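Below: the structure, in structure tokens.
The values are calculated or read from the model by the stated rules, or taken from the named source; none is laboratory data. None of the values given here were measured: they were computed from a predicted structure. Every residue, glycine among them, receives a Cβ derived from its backbone with ideal geometry; neighbour counts consider all protein chains shown. Heads up: the accessible areas ignore ligands, DNA and RNA and are worked out on the full protein's heavy atoms, side chains in. Shrake-Rupley method; radii C 1.70, N 1.55, O 1.52, S 1.80 Å.
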Number of protein chains: 2
Amino acid sequence: MHMIIDCHGPYTTSPKALDEWRDRQLAGLVDGSRKLAASEPQISDDQLRETIQLGQLRIQRERGSDLTLFSPRAVGMAHHVGNQRVSEDWARVCNNLIFRITELFPRNFVGVCQLPQSPGVNPSNCLPELERCVKELGFVGCNLNPDPSGGYWKEPPLTDPWWYPLFEKMVELDVPAMIHVSGSCNPCFHATGAHYINGDTTAFMQLIQGDLFKDFPTLKLIIPHGGGAAPYHWGRYRGLAQMMKKPLLAQHLLRNTYFDTCVYHQRGIDLLTDVVPTDNILFASEMLGAVQGIDPQTGHNYDDTRRYIDELAISDEHKRKIFETNARKVYARLDKRLNAVGLIHG
Amino acid sequence: MHMIIDCHGPYTTSPKALDEWRDRQLAGLVDGSRKLAASEPQISDDQLRETIQLGQLRIQRERGSDLTLFSPRAVGMAHHVGNQRVSEDWARVCNNLIFRITELFPRNFVGVCQLPQSPGVNPSNCLPELERCVKELGFVGCNLNPDPSGGYWKEPPLTDPWWYPLFEKMVELDVPAMIHVSGSCNPCFHATGAHYINGDTTAFMQLIQGDLFKDFPTLKLIIPHGGGAAPYHWGRYRGLAQMMKKPLLAQHLLRNTYFDTCVYHQRGIDLLTDVVPTDNILFASEMLGAVQGIDPQTGHNYDDTRRYIDELAISDEHKRKIFETNARKVYARLDKRLNAVGLIHG
């Protein structure tokens, strides 16, 4: 038996007090007579426990997964709002809640942090919060937003030296990033239906165009939602890389780039696992996330992605890679932590 | 035997004189001492013949397709440049070249027009050119750019009444539109690797969010490049539609929305044809387009998409729909034209 590690778990059930804190913070931006809220929202351990026990923990048990890499919800990051200070306060508050949940349920949740990105601000402003989360709070990764403008794509591509201070710190700390946009301010882009998937596709193509992993051979990036459009258009991407005289994708990207399994139908997962090497696929569900509801074609939740993996005609060894081993390889600090506390299931 | 109609053929081999004309036009925008070029570029019939005989016609013959729906190249439309007048002159010049090719090779090429869109200009400015192309030049469809800003997405979603004058005219003329972006001014978006695919995904999600086909029950739209990310994430889109209390996609979109087969590997085409009803798939190759080169895994050109369809384990009747019948249904004027001139192959 192997563990089942879900590498893409957003805290979508966070208590109302968190939203109220955020509202007060943003109200302070437009009402000059207020001071920016800096204290933490008042949320008791019991309140936190309840959101998890009724939400993600219940679903872990129902679906039989063991551990969720847990982060503030992506759409809530809203890096486009306010300024650097606003993002820094907001990231700290959100990450602290995640930390408390990992303390309350240490066998079930491990933290992945929100970064305090802000449009036009060099991401080196994120280093203190990343370092705090990893070194003091035991987090094992971060979510990196390639478009802090929220649908207007004003930052340079991910392969630009603009981002290098962050990549240097990630390499130093040995933590990966999931490349994940936040909400969309652009009325053309539905957040979870267009902006998320476009963000994934865009990031993948940026990586093809650049040579990021020559400069950072140990950097690890996860592209969520099954890699956006990339696996479906794998021939297009292989062909474009070839036209650009880049190495084969296996050498150019796949030593450093991973896809999660947030693809909500069997045929999509079939294609993902047929086209992308098993070593590059990490189990994830985004559960209680973008798509909630039961698929009338199957009678199961769309985001119950374990079922799609279970159905695959691949060996148990390959399934183990997808469910456990790859995550422990990509999130090296997770592996150390699991070994240290003896959290070996089975 | 059936015809093989390629519904996505860009004139990527257009003569240098066309680019020079465009350069002079744009130079006139920044040099106030010049007048905007208005005359046609000087290109002989022999020059046009040569570009086609060495390019698209040769490939038609090599690959065994019969007829290409031929349009000015998408990346060249560049609606973001200049103003309404610039776009109108440029569209007219480009469409006139396509017309001449359809006259030189009437059995092999049928016209699809570029629209003179311009950022912030209501698309009703496109009606005269659309009407001219359809009524005077015998064109059977148009390419509609959902993002004339070229990667900044400043126009309203396609379901907004902003676009209705164009849809009304399309319905009146009984011509469909392929929803196709042009080049990208945004350094985040590679044109053919990100902006194109994102444009497709974005348009599909806009159609889910809106109710466009309630207002235009006979409107027909083609989403190119296999529908962007949509088929790979079909479960996500079915689930999002369900969360929004929209009808099933079959009722909500698939009476009016079609996907082409510009997906450059077998597994992608397998998924497309497994997930999307055969009635909604139109053969296309985008040949001599985005991805040129030979796939080392197959020994054939990436964009030789006929081979992927030929390999499918579906009935001849279904293949005929993809290769011929669906195109004649969606491009009603093509069907009339083929019937009238007796262009029945086989």
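Things worth noting here:
- Using a 1.4 angstrom probe on protein heavy atoms only, the contact between B and A buries about 4700 square angstrom of accessible area, both sides summed.
- Accessible area of the range A:264-324 belonging to carbon and sulfur atoms, whole % at 1.4 Å probe: 44 percent
- Accessible area (Å², per residue) of chain B, counting only protein heavy atoms and a probe of 1.4 Å: 35 Å²
- Choice from B:MET170, B:MET205, B:MET178 showing the highest fluctuation, given a GNM over chain B with Cα pairs closer than 10 Å: B:MET205
- Across the identical copies, how the B:GLY120 labels are spaced - nm, sorted shortest first, 7 Å along Cα→Cβ: 2.0
- The distance separating the Cα centre of the range A:114-151 from that of the range A:219-250 comes to 25 Å.
- Listed residues A:ASP335, A:ASP303, A:ASP200, most fluctuating in chain A (Gaussian network, C-alpha, under 10 Å): A:ASP335
- The magnitude of the dipole of the range A:1-59, with charges of +1 and -1 set on the Cβ of Lys/Arg and Asp/Glu and taken from the Cα centre, is near 120 debye.
- Share antiparallel - DSSP beta bridges, the protein assembly as shown, percent rounded to 5: 5 percent
- Summarising the amide proton neighbourhood of B:ALA229: residues at separation of 5 or more, or on other chains, whose placed amide H is nearer than 5 Å comprise B:THR201.
- Average beta-carbon neighbours from other chains, 10 Å sphere, peptide A:260-271: 5
- Sorted on the mean count of surrounding Cβ atoms within 10 Å across their residues, most packed first, peptides B:22-33, A:143-154 read A:143-154, B:22-33.
- Within the range B:38-171: Cβ-based charge dipole about Cα centre, in debye rounded to nearest 20 (Lys, Arg +1; Asp, Glu -1): 240 debye
- Inter-part distance, the range A:1-75 to the range B:286-346, computed on C-alpha centroids, equals 50 Å.
- Between the amide H of A:HIS190 and those of A:HIS195, distances stay under 5 Å, these residues lying 5 or more places away or on another chain, with hydrogens modeled in the peptide plane.
- Theoretical ellipticity at 222 nm over the protein assembly as shown - DSSP helices of four or more residues, -39500 (n - 2.57) apiece, nearest 500: -11500 deg cm²/dmol
- A dipole drawn for the range B:187-284 from +1 and -1 charges on Cβ atoms has a positive end, and of B:PHE189, B:PRO231, B:TYR264 the residue lying farthest that way is B:PRO231.
- Highest-MSF residue in chain B out of B:LEU48, B:LEU253, B:LEU240 [GNM, Cα springs under 10 Å]: B:LEU240
- Within 10 Å of each Cβ in B:291-301, the average number of Cβ atoms from other chains: 3
- In this calculation the C-beta distance from A:ASP274 to A:GLU62 is compared with R0 = 35 Å, giving a FRET efficiency of 0.80.
- Peptide A:182-189 shows a mean partner chain C-beta count of 5 within 10 Å per residue C-beta.
- Copy-to-copy label separations for B:PRO187, where each label sits 7 Å from Cα toward Cβ, in nm and ascending: 3.0
- Projecting 7 Å from Cα along the Cα-to-Cβ direction, the label point of A:GLU136 sits 7.2 nm from its equivalents in the other copies, listed shortest first.
- Amide H contacts of B:GLY9 (H built 1.01 Å from N, under 5 Å, at least 5 apart or other chain): B:LEU69, B:SER71
- Reachable lysines, given that their alpha-carbon falls under 19 Å from the alpha-carbon of A:LYS154 and they are not under 8 places away in the same chain: B:LYS154
- Here chain B carries DSSP beta bridges of which approximately 5% are antiparallel, counting only pairs with both residues inside.
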